[in-house]
Amino acid sequence: MHTHAPLIIDVAGVELTDTDRQRLAHPLVGGIILFGRNWQSREQLARLCAQVKAVRPDLLIAVDHEGGRVQRFRTDGFTHLPPMAAFGQLWLSAPQKDELEGGPALRATNSASAAGYVLGAELRACGVDLSFTPVLDLDHGESSVIGDRSFGRDPRMVSVLAQALMHGLRASGMGNCGKHFPGHGFVKADSHLAIPVDKRSLKAILAEDAAPYGWLSASLDAVMPAHVIYPRVDSKPAGFSPRWLQDVLRHRLGFTGAIFSDDLSMAAARRIEGREVSFTEAALAALTAGGDMVLLCNQSVVDGGAPIDEAIEALSKAMVQGDWQPNPASEERRLALLPRGAAMDWDGLMVSARYMHALSLLP
């Protein structure tokens, strides 16, 4: 068994090709991230996931499935999950007649757990292992890319609702991934297109946006850093910064789970300290900074997937030359994200009391 499989790659279609199988079988590849183009129907998705597991049972099958506008599968029975802001709004709503003070907050918490259960159970019924959720970013009212993906403005409310969502995910057998550390909600720019810069001090960020990571350090299985530069802390974006990933996230906030880079094909991921960098340089920088896994998204559709092959080859070469050391602890953290226990199949799920009750609690 390989000591560390850090690459999370994607595939172009709705089933695996022989080339996909070859890439997924490579010992440096640890998983796959699915997109809307990989979806036709539940039956097809389940078949695709089974094809991936047939290559290697330990491959992690992940997706961005949060609810609201970030939900990859929306048809053929998948529940349209509300955006996270809906739970924050419920929390802040007025108590109902004869309801105790704080009742709406507790109802919102229960509702968020229900959403986590529905989200996790539906994905698992089709063979998906992990969704990159919850969003822990605070809604400062500035960021177009975060917006209603955030539970709200107050880090305490965000932490409690995220904890509740993760409880529901856990009940379905699924892990979680908090994002985007140490906070993407304060900046206007969209890191898919540009490099956002947040000029606040470390103290200000720790007091607010990064606070949920400390409060949830015992519950978070994984964290995804933001492609944002915080120049008063480090000149590198958070995902390439040992200061952020090791000094702050691991040591100061006590996080022990897996660190995923955000998508390394994003504009913000391809510049480090003013210099254009290749995928491979970006991947090595993220891993060397303390990341466990790196995401190369939407590259299977570029030149027949040439960028993926280049990244695999370059990482292999870096390992042989001693420029990169595989980390057995990273591999343990990756394997810990695979679901425990068998998933309920779709038909069984649809008639289960827990699932039906969870649906009734959604806002």
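Values quoted throughout were computed directly from the atomic coordinates according to the rules given, and no laboratory measurement underlies them. Every value quoted in this text rests on a predicted model; they were computed, and no experiment measured them. Note that each Cβ is placed from the backbone with ideal geometry, even for glycine, and that neighbours are counted across all protein chains shown.
What's the longest piece of the chain with no exposed trypsin sites (Lys or Arg not before Pro), counting a site as exposed if DSSP puts it in a loop and it has at most 14 other beta carbons within 10 Å?
On the way: sites that count: 69, 74, 97, 188, 199, 232, 340.
The longest uninterrupted stretch comes out as 233-339.
Counting alpha carbon pairs within less than 8 Å and at least 6 residues apart, what relative contact order, in whole percent, applies to the stretch 222-336? It would help to have the intermediate numbers written out before the result.
Details: 157 pairs, mean separation 27.7, N = 115.
In percent, rounded to a whole number, it is 24.
Over all alpha-carbon pairs in the stretch 39-80, figure out the percentage whose distance exceeds 16 Å.
Values: 382 of 861 pairs.
Every Cα pair in the stretch 39-80 considered, those over 16 Å come to 44 percent.
Mind sorting 143, 131, 261, 217 by how few other Cβ atoms lie within 10 Å of their own Cβ, fewest first? All intermediate terms of the calculation are to be shown ahead of the outcome.
Working: 143 22, 131 25, 261 29, 217 18.
Listing 143, 131, 261, 217 from fewest to most nearby Cβ atoms yields 217, 143, 131, 261.
Calculate the all-directions average of the projected area of the stretch 1-95's alpha-carbon convex hull, and give it in nm².
Working: hull surface 32.2 nm².
Spelled out: convex hull of the Cα atoms, projected over all directions, averaged, 8.1 nm².
When a footprinting reagent is the concern and you count Cβ atoms within 10 Å, what order do 49, 177 take, fewest first?
Details: 49 21, 177 25.
By the 10 Å Cβ count, ascending: 49, 177.
Assigning unit charges at the beta carbon (Lys, Arg +1; Asp, Glu -1) and nothing else, what dipole magnitude in debye, to the nearest 20, does the chain show about its Cα centre? Present the calculation step by step, with values, prior to reporting the outcome.
Values: 35 positive and 41 negative charges, 111 e Å.
In debye, rounded to 20, the chain gives about 540.
Whole number please: convex hull volume per residue of the Cα set in the stretch 322-363, in Å³?
Details: hull volume 6.0 nm³, N = 42.
Hull volume over Cα atoms, normalised by residue count, gives 142 Å³.
Using the 10 angstrom Cβ neighbour count as an exposure proxy, how do 319, 356, 224, 84 rank, fewest first? Provide the component values of the computation, followed by the final result.
Details: 319 15, 356 11, 224 26, 84 30.
Starting with the residue having the fewest Cβ neighbours, the order is 356, 319, 224, 84.
Of the beta bridges DSSP finds with both residues in the chain, what % are antiparallel, to the nearest 5?
Details: 6 of 25 bridges.
Among the beta bridges of the chain, antiparallel pairing accounts for roughly 25 percent.
Could you work out the relative contact order of the stretch 196-271, using alpha carbon pairs under 8 angstrom and six or more residues apart, expressed as a whole percent?
Details: 92 pairs, mean separation 26.4, N = 76.
Once divided by the residue count of the stretch 196-271, the mean separation gives 35 percent.
The stretch 261-318 to the stretch 106-139: how many Å between their Cα centroids?
28
Given bins 20 angstrom wide, list per bin the percent of all Cα-Cα distances in the chain, short to long.
The calculated distribution, bin by bin, is 31, 60, 9, 0.
If you average the sequence gap of Cα pairs under 8 Å that are 6 or more apart and divide by the length of the chain, what percent do you get for the contact order?
Values: 770 pairs, mean separation 68.5, N = 363.
So the answer I get is 19 percent.
For the chain, what does -39500 (n - 2.57) per DSSP helix run (n ≥ 4), summed and divided by total residues, give at 222 nm, in deg cm²/dmol to the nearest 500? Please list the in-between numbers first.
On the way: 12 runs with 128 residues, N = 363.
That calculation yields -10500 deg cm²/dmol at 222 nm.
Quick check: pseudo-label points 7 Å beyond the Cα along Cα→Cβ at residue 356 and residue 310, how many nm apart are they?
5.5
Below 10 angstrom from the Cβ of residue 221, what's the summed charge of the other residues (Lys, Arg +1; Asp, Glu -1)? Display every interim value, and only then the final one.
Values: positive: 170, 333; negative: none.
Once positives and negatives cancel, what remains is +2.
Using DSSP to define loop residues, name the GluC sites (Glu not before Pro) in the stretch 1-108 whose beta-carbon has at most 11 other beta-carbon atoms within 10 Å. The partial results should precede the final answer.
Details: sites: 15, 43, 66, 99, 101; in loops: 15, 99, 101.
Within the stretch 1-108, the qualifying GluC sites (Glu not before Pro) (loop, at most 11 other Cβ atoms within 10 Å) are 101.
Which ³J(HN,Hα) values in Hz, rounded to whole numbers, follow from the phi angles of the stretch 61-76 under the Karplus curve 6.51 cos²θ - 1.76 cosθ + 1.60, where θ = phi - 60° and Gly and Pro get x?
For the stretch 61-76, the Karplus curve yields 9, 10, 7, 8, 9, 9, x, x, 7, 10, 8, 6, 10, 10, 10, 6 Hz.
Between residue 181 and residues 5 or more places away or on another chain, which pairs have amide H atoms under 5 Å apart, with H built 1.01 Å from N, and which residues are they?
Those lying under 5 Å, H to H, from residue 181 are 224, 226.
Using a Cα distance threshold of under 28 Å, what count of lysine pairs results for the chain when pairs must be 8 or more residues apart or interchain?
Lysine pairs meeting both conditions in the chain amount to 12.
Given H placed on each backbone N at 1.01 Å, which residues far from residue 271 in sequence or on other chains put an amide H within less than 5 Å of it?
Residues meeting the criterion, in which the H sits 1.01 Å from N, are 277.
Which ³J(HN,Hα) values, rounded to whole Hz and listed in residue order, are derived for the stretch 119-127 from phi using the Karplus coefficients 6.51, -1.76 and 1.60 in 6.51 cos²θ - 1.76 cosθ + 1.60 with θ = phi - 60°, glycine and proline given as x?
4, x, 5, 5, 5, 5, 4, 9, x
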